[in-house]
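Asks: Structure incoming, see below.
The values are calculated or read from the model by the stated rules, or taken from the named source; none is laboratory data. All values reported here derive from a predicted model rather than from experimental measurement. Heads up, the Cβs are rebuilt from the backbone with ideal geometry, glycines too, and the neighbour counts pull from every protein chain shown.
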Amino acid sequence: MSNEYYALILEFNARVVKLGFAREAIEHVQLTPSHPTWQKYAFQQQSQVEPSFLGLSSHCLDNDLKIQLLGNSRSDSALERMLEQYQKDYDLVQWFDWSTNGFVELSRLVRHLISTSLLVSPLFTKLFVVDNGLLALSKRMFCETMTKMLTCAAVVFLSYSLCTSIASGVSDALVIDFGWETCKIYTVIDYRVVRSEEFVEFSHESIHYRIMKDRGTNSFSEIEIFIQDVVCDSEDVFAELGLEQLPEVIANLIQKSAIDNRPLLSQNIIITGFFAQYSRFQIACFQETTKALQTLSANGLENLGAWCGASIYCSTILFTENYDDWKHMQIGSGKLTVESARELERYHG
């Protein structure tokens, strides 16, 4: 890559933002909703929201039907209490959808971190973004916001599942990402995503508020502690968390793959996201999946994380290639010269 730019890797979701220099082993900055900087830049719009797992955000529902379904939920006192607490947690920014306002808040946050934590000029940076399923329209919006707000000179998207596979040192894997709003399962063969499926019912959000509804507890932190206790101590983790169908789903996805890929996928399961930190959960998951597979055994891989995988990919593959061979991957407002970048910095810095 041209020496006039710094290559930065950005990974973000509703509960974490990671930023640092490519070629480094770990990110330089990691923010969560409890961090003061997160709270300064991520502020919610005043709006009525509902959990994703209720399916009320579906485009198939018109406004009248949505109101009717919400009205029906009010007859269930436990569900109504859960919806009220969900709205309160949303207002308290326990999570944040960075795409809500066209990524403006994220752009401001990243620009701030580049200047104050990484100590470089935003106009001399290129962002390599770990892409965990952003829609094409969202990518366009992201790039327009980042470049127009002078947060970076250009953007390059890197596949989340590809980076995760690299972080485990394999080219074939079944990547299971327990995100906040959804659980995504990727089938990766020879570094290519051949299948991707989403399961909202297995998401962190679904688990959290399902437990809140059943237990009648309002505290966000208490529910998170309860989930941790279940994962660490319970003899039946999946029943306690409402994930009884998960092993069967994993087994079915493996069985859908080509017959010669199945043994490799069953041995190369990578769990990321919320449950990546709990080895006991992963062991239980592999044991139950083995039972569901019957003829194959399931096993998992250690993983350094998608951010680290992106850094490895950039340093060992992408940056060793001729720049002309991959510059088409960049999306930006055009290559800035050092002089023009300094001029922009003088007017907009």
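Asks: Looking for something surrounded by fewer than 20 Cβ atoms within 10 Å (Cβ to Cβ) and free of Cβ contacts under 8 Å to residues at least 12 places away in the same chain - is there at least one such residue anywhere in the stretch 201-213?
Replies: no
Asks: Scan the stretch 229-272 residue by residue and report those that are modelled with pLDDT under 95, crowded, with 16+ Cβ neighbours inside 10 Å and among the charged types (D, E, K, R).
Replies: Glu240
Asks: Please go through the stretch 81-129 and give me each residue that is in contact (Cβ under 8 Å) with a residue 12 or more places away in the chain and hydroxyl-bearing (Ser, Thr, Tyr), ordered by number.
Replies: Within the stretch 81-129, Tyr86, Tyr90, Ser99, Thr100, Ser107, Ser117, Ser121, Thr125 qualify.
Asks: Identify, by number, the condition in (1) at pLDDT 75 or above; (2) hydroxyl-bearing (Ser, Thr, Tyr); (3) more than 26 Å from the chain's Cα centre (by Cα) that Ser73 doesn't meet.
Replies: Answer for Ser73: the failing condition is (1).
Asks: Ile114 passes all but one of (1) in contact with a Gly (Cβ under 9 Å, 6 or more places away or on another chain); (2) not in a strand (DSSP E or B); which number fails?
Replies: So the condition that Ile114 fails would be (1).
Asks: Take Thr116 and tell me if it is at pLDDT 95 or above and either of a type in the set (Asp, Glu) or surrounded by fewer than 21 Cβ atoms within 10 Å (Cβ to Cβ) (or both). Let's see the steps before the verdict.
Replies: Working: at pLDDT 95 or above: yes; either of a type in the set (Asp, Glu) or surrounded by fewer than 21 Cβ atoms within 10 Å (Cβ to Cβ) (or both): yes.
Spelling it out, Thr116 is indeed at pLDDT 95 or above and either of a type in the set (Asp, Glu) or surrounded by fewer than 21 Cβ atoms within 10 Å (Cβ to Cβ) (or both).
Asks: Would you be able to tell me the number of residues in the stretch 171-214 that are outside any helix (DSSP H, G or I), in contact with a helix residue (DSSP H, G or I) (Cβ under 9 Å, 6 or more places away or on another chain) and of a type in the set (Val, Ile, Thr)? Write out each step before concluding.
Replies: Our first condition is that a residue be outside any helix (DSSP H, G or I); within the stretch 171-214, this holds for 171-199, 203.
Then drop every residue that is not in contact with a helix residue (DSSP H, G or I) (Cβ under 9 Å, 6 or more places away or on another chain), which leaves 171-189, 191-193, 195-197, 199, 203.
Those still in the list that are of a type in the set (Val, Ile, Thr) too: 175-176, 182, 185, 187-189, 193.
Here the count works out to 8.
Asks: For residues in the stretch 286-308 being under 30 Å from Val129 (Cα atoms) and touching a strand residue (DSSP E or B) at 6+ places or on another chain (Cβ under 8 Å), which is surrounded by the most Cβ atoms within 10 Å (Cβ to Cβ)?
Replies: Of the residues in the stretch 286-308, the ones under 30 Å from Val129 (Cα atoms) are 299-308.
When the remaining residues are screened for being touching a strand residue (DSSP E or B) at 6+ places or on another chain (Cβ under 8 Å), the result is 299-301, 303, 305-307.
On the way: Asn299: 14, Gly300: 20, Leu301: 19, Asn303: 21, Gly305: 19, Ala306: 29, Trp307: 24.
Here the answer is Ala306.
Asks: Counting residues that are over 24 Å from Pro33 (Cα atoms) and within 21 Å of the chain's Cα centre (by Cα), which helices (runs of 4 or more DSSP H) fully inside the stretch 215-328 reach at least 2?
Replies: On the way: elements: 220-233, 237-241, 246-256, 262-267, 279-293, 306-316, 323-326.
Correct list: 246-256, 279-293, 306-316.
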